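The values are calculated or read from the model by the stated rules, or taken from the named source; none is laboratory data. Only a predicted model underlies this, so the values are computations on that prediction, with no experimental measurement involved. Heads up, the Cβs are rebuilt from the backbone with ideal geometry, glycines too, and the neighbour counts pull from every protein chain shown. We work out accessible area using only protein heavy atoms, side chains counted, and drop any ligands, DNA or RNA first. Shrake-Rupley method; radii C 1.70, N 1.55, O 1.52, S 1.80 Å.
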Amino acid sequence: MIRLNNVVASYRTGRGSINAVDGVTIEIPDGCILGVAGESGCGKSTLMKVLYGDILSPMTLASGSIEYGFVDRRGAPVTSHTVQQEWFRRVSYVPQSSMNSLNPVIRISQQFIDFPGNDPDKRRVLEQVRAYIGKLGLPAEALDAYPHQLSGGMRQRMMIAMATFFQPELILADEPTTALDVVVQKEILMLLMELQEEMGNTIVLVSHDMGVHYQVTHRMLIMYAAKAVEYGDSDSVFEAPLHPYTRMLISSLPTIGDDRARDGIPGRPPSLWGELRGCRFADRCPFATDRCRVEEPVLVEHRPGHFAACHYAGAEMPSGGVQWQ
Amino acid sequence: MAVILRTEGLNKVYRLGSFGRARTIQALNDVDISVESDNPVIIAVVGESGSGKTTLAKTLLRLVEPTSGRAIVYDKVVAGRGAQPGKREFLSSIQPIFQNPFEAFSRYRTVDAYLFETADRVAGLRGQAAEAAVEQALASVGLEFADVVGKYTNQFSGGELQRVSIARALIPQPSLIVADEPVSMIDASRRMIIINLFKRLRDEAGRSFLYITHDLATAYYISDFVAVMNKGQVVEFGAARDVMSNPQHAYTRLLLGSIPTTRSRWRPRKAAAAPH
Ligand SMILES: Nc1ncnc2c1ncn2[C@@H]1O[C@H](COP(=O)(O)OP(=O)(O)OP(=O)(O)O)[C@@H](O)[C@H]1O
Ligand SMILES: Nc1ncnc2c1ncn2[C@@H]1O[C@H](COP(=O)(O)OP(=O)(O)OP(=O)(O)O)[C@@H](O)[C@H]1O
Ligand SMILES: [Mg+2]
Ligand SMILES: [Mg+2]
């Protein structure tokens, strides 16, 4: 189990500090695929960086802590301060737009060989890598290429190959398949699900595609303006979302053959620099009351294992007249 | 009727590797598409990763020289034999939104510098007029001017930077916007606001779009035409609704059948590995 205890991550900027992740407390069960979704800029990538322990200026872990639920070589529990030692082998990370985090002037094969702590027999490593990338549908020659010679999708697959090669206990993947066509995406996600079932590792997957989350995840975390607003089993979240934002998110994408207009949710989240009061979604929520504007809702368990931060979570929506599309 | 976009036998061959073991990649293989219309249109290009979509876009933008064939945009030859020069006029009529906004902007300049540069060099706007145009473009993608100025790329989230990149392309009011995966990092709700903005720009401001995307549902939602690409070839091309409701090519069917929906699962989902 990975425990996040009131995690606050901030960025120092010329205009002062903002909390891009503002007090997230959740427990991630072992061996589960956790999906993370939410508005652009709500703090998903920041949360991933915190989980990876990649906390570099101007970002700081302003308060809170993470317990990873496994021990290091000396038998001490791994925490936010020591997780860096577990990188690559036990905790791996596919950053967002990772297609440009490959080193542009080094051949792909060399980037595999350069992994810290690798088998010194380069030829043997390359043999293993070659076989592995084949499993992910990449041609062996792709290893000889420089990153710019591969399409965006191929680079993205290469990043996934690097992140899963050592079968780490925790895989953090930020939008790992957005650059891929849906055919390849499906193959990769099916493969990830199979690998995960075999190895029982934990995967945290950030995606904007609610369809991807529905297919792949066991649990879902929905974030809004730096807060966790809903957290629960995926079945429960998709069948009966508790937070109005989650409901709107699930129903906002069009589908093929359906010609109804989709408007998205009008307005924008509050600026994190401003004064934040009450529920951060209140301005855009069709059900907000005066209470929502002054009293901040906390994340509480409404059904077994299903949490939401809304004063009216799961309540019947008023007068049935509002359309969610 | 105007030729909004036409490609004639467009080919692009890339060479990979050193002389000894050189290998070639046919990124575009005899691409022939043609859209003539009196009204502005949205043309979607969908298909396989690595099938040549970005290469097609870069050819139209003159960033890649075709190996053979040519391309016409709004009745002007823009690539290949007989391409007319005139960079500034060209840029004011075609604007790109690049696939990866982190590559499109340098890490060492604040992003507003790009917005003002486009306003100045392409749209010929300076001073207050430039500021107003930049502010309006940012507002249309849901960003506040004050939240953008003075910031470097690494100070934005992926979706924010992608929206800055969209805003930049809107400033010169081009007749064709070549948008390569413009909403890939943007959440479902904001994505619809931007997709609706493209639609409005087509209907009210007369702009055409080449909309390259892996998101087939939004392609269906806004496009007039769609080209389906696989291995450098356009395997199916036609009116978006026809192609997507009644696909003829096996690859198009495979593509449409692979969209992750929230209605039925690809496979029964086993419980998480460890009980909780
Ligand atoms: N280096 C930085 N300096 C200042 N602010 C930053 C920095 N990096 C991110 N931010 C801000 O922190 C907030 C959260 O960013 P983050 O990248 O975590 O969002 P996200 O949820 O991943 O968004 P997206 O879906 O667009 O990728 C945003 O408002 C962003 O502008
Ligand atoms: N500069 C280059 N040098 C060599 N090969 C290249 C170059 N640019 C692209 N290619 C190759 O050309 C083919 C088409 O690439 P392109 O980027 O056009 O694909 P795409 O359809 O945009 O893919 P994606 O959906 O992944 O973005 C790929 O096989 C790619 O590896
Ligand atoms: Mg992000
Ligand atoms: Mg591309």
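Selection among B:Phe98, B:Leu255, B:Gly238 by position relative to the dipole of segment B:2-272 gives B:Leu255 as farthest towards the positive end (Cβ unit charges, Cα centre). Positive-end ranking of A:Phe238, A:Leu4, A:Gly274 along the dipole of chain A, with charges on Cβ about the Cα centre, is headed by A:Gly274. Distance between the modelled labels on A:Ser251 and B:Leu63, one decimal in nanometres: 3.9 nm (7 Å Cα→Cβ projection). With the simple spin-label model, which puts each label point 7 Å out from Cα in the Cβ direction, the B:Ser34 to A:Arg291 separation comes to 6.6 nm. Under the combined filter of DSSP loop state and at most 16 neighbouring Cβ atoms within 10 Å, segment A:126-177 retains these chymotrypsin sites (Phe, Trp or Tyr not before Pro): A:Phe166.
Sparse packing (at most 14 other Cβ atoms within 10 Å of the Cβ) combined with a DSSP loop state is found for the following trypsin sites (Lys or Arg not before Pro) in segment B:19-82: B:Arg21, B:Arg81.
Nothing charged except the Cβ atoms of Lys and Arg (+1) and of Asp and Glu (-1): what's the magnitude of the dipole of chain B about its Cα centre? Round to the nearest 20 debye.
Details: 34 positive and 27 negative charges, 205 e Å.
About 980 debye.
Using the alpha-carbon centroid of each, what span in Å lies between segment B:205-234 and segment A:152-196? With segment B:205-234 and segment A:152-196 each reduced to a Cα centre, they are spaced 25 Å.
Pairs of Lys residues in segment B:2-272 that lie 8 or more places apart, or on two chains, and have C-alpha atoms under 30 angstrom apart add up to 21.
When only the Cβ of Lys, Arg, Asp and Glu is charged (+1, +1, -1, -1), the dipole of segment A:203-303 relative to its Cα centre reaches about 240 debye. Annotation for the A:B interface, with buried accessible surface near 5500 Å², both sides summed [1.4 Å probe; non-protein components not counted]. Among the protein heavy atoms of segment A:2-256, carbon and sulfur supply 51% of the accessible surface, probe 1.4 Å, non-protein parts ignored. Solvent-accessible surface of segment B:2-272, taken per residue with a 1.4 Å probe and all protein chains present: 42 Å². Label sites at A:Lys135 and B:Gln26, each approximated as a point 7 angstrom past Cα along Cα to Cβ, lie 3.3 nm apart. Among the helices of chain A, those built from whole DSSP H runs whose Cα atoms reach 15 Å or more along their own axis and whose mean Kyte-Doolittle hydropathy is at least -1.0 are A:122-135, A:152-164, A:182-199. Projected onto its three principal axes, the C-alpha set of segment B:1-155 covers 50, 46, 29 Å, listed from the longest axis down.
Residues of segment A:208-223 whose accessible area, computed with a 1.4 Å probe over protein heavy atoms, drops by at least 50 Å² once all protein chains are present relative to their chain alone are A:His208, A:Tyr214, A:Gln215, A:His218. Between B:Gln128, B:Ser189, B:Ser157, whose Cα lies farthest towards the positive end of the dipole of segment B:2-272 when Lys and Arg beta carbons carry +1 and Asp and Glu beta carbons carry -1, centred on the Cα centre? Of the candidates, B:Ser157 comes out farthest on the positive side. Which residues make up the longest stretch of chain A that has no trypsin sites (Lys or Arg not before Pro) in a DSSP loop with at most 12 other Cβ atoms within 10 Å? Answer - A:75-259. The distance separating the Cα centre of segment A:2-27 from that of segment A:272-299 comes to 18 Å. Cross-link partners of A:Lys44 among lysines, defined as those whose alpha carbon lies under 16 angstrom from its own and excluding same-chain residues fewer than eight positions apart: A:Lys227. In chain A the Cα-Cα distances spread across 10 Å bins starting at 0 as 5, 24, 32, 24, 11, 3, 0 percent of all pairs.
A DSSP coil position with no more than 11 other Cβ atoms inside 10 Å describes the following chymotrypsin sites (Phe, Trp or Tyr not before Pro) in segment B:1-76: B:Phe19.
Going by a 1.4 Å probe on protein heavy atoms, which residues of segment B:169-214 end up with at least 50 Å² less accessible surface in the whole assembly than in their chain alone? At a threshold of 50 Å² (probe 1.4 Å), the residues of segment B:169-214 that become less exposed are B:Met185, B:Asp187, B:Ala188, B:Ser189, B:Arg190, B:Met192, B:His214. Contact residues in segment B:44-93 by the 20 Å² criterion (accessible area, 1.4 Å probe, full protein complex versus chain alone): B:Ser49, B:Gly50. Across the alpha-carbon set of chain B, the Rg to Rh ratio works out to 0.99, Rh being the Kirkwood radius.
What chain A shows is 41 Å² of accessible area per residue, with the surface traced by a 1.4 Å probe over protein heavy atoms. Cβ-Cβ distance of B:Asp242 and B:Ala2, R₀ of 22 Å, FRET efficiency by 1/(1 + (r/R0)^6): the value works out to about 0.50. The dipole here belongs to the protein assembly as shown: it is taken about the Cα centre, uses +1 on the Cβ of Lys and Arg and -1 on the Cβ of Asp and Glu, and is about 1160 debye. Taking the 1.4 Å solvent-accessible surface of segment B:1-50 as the whole, the part contributed by carbon and sulfur is 45%.
In whole percent, how big is the carbon plus sulfur part of the accessible area of segment B:141-276, probe 1.4 Å, protein atoms only? Summing carbon and sulfur atoms, their accessible area is 49 percent of the total for segment B:141-276.
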